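The values are calculated or read from the model by the stated rules, or taken from the named source; none is laboratory data. Bear in mind that the values here come from a model prediction, so they are computed numbers and not experimental data. Reconstructed Cβ throughout: ideal geometry from the backbone, glycine too, with neighbour counts over all protein chains shown.
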Amino acid sequence: MIMNKKALQIVIVLLVIMNGVSLYFLFRPLPHHFRKPPSIVDVLEIEGESVAKIQKLENAHFTQKGILMDEIRSNKRKVCKLIGTKFKAQTLDSLLSIINSKNYKAEKMTFDYFVNLRAIVPKEKQKELDKFVIDVIANHPGPPKRK
C-alpha cells in the first residue's frame, strides 16, 4: 500500500509538470514569419568602402518591408474577421485588392533592393550575389518550413 502511494505521488507530480509545459507552449508568443536575414556583407564576405552603403540600403529596405508586411497581415486579419458575419462583397473585394496591391509592392521592393544592391556590391562579388539571389530567393520563397 505504501508503494502505491509513492507511485501515485510521482505520477501526480509528473502530470503537473507536463501540464505546466503544455501551458507554456500553448500561450508563448509566436515569432513573426518575416525576419531580417543575415547581412549580405556577412554572406558574401564583403569588405571595404561599400560595406557602409550596403548596410544602409539593407536597413532602409528591411524597415520599409517590415512596415509593408505588417500592413498585409493587418488586412488579412480584417478578411478573416469577415468570416461568420454579414458583409458586402465589395468589402471583401476591396480588402483582397489591397492585399494583392501590397504583395505586389513587397515583391517589387525586393526586386529593386537586389538591383540596387548589385550596383553597390564590388564587381568581383556580383556573380556570388546573383547565385545567392537565385539559390535563396528564387528557389526558396517564403519562410523556412518548420520541422
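Residues that are part of a helix (DSSP H, G or I), of a type in the set (A, V, I, L, M, F, W, C) and farther than 21 Å from Ile120 by Cβ within region 45-96 comprise Ile67, Leu68, Met69, Ile72, Val79, Cys80, Leu82, Ala89, Leu92, Leu95, Leu96, listed in sequence order. Annotation note: of Lys65, Lys102, Lys76, Lys56, the sole residue that is in contact with an Asp or Glu (Cβ under 6 Å, 6 or more places away or on another chain) and either in the same structural domain as Ile134 (by TED's automatic domain parsing) or under 29 Å from Asp130 (Cβ atoms) (or both) is Lys102. Scanning region 83-124 for residues that are under 26 Å from the mean Cα position of the chain (by Cα) and among the polar types (S, T, N, Q) yields Ser94, Ser97, Asn100, Ser101, Asn103, Thr110, Asn116.
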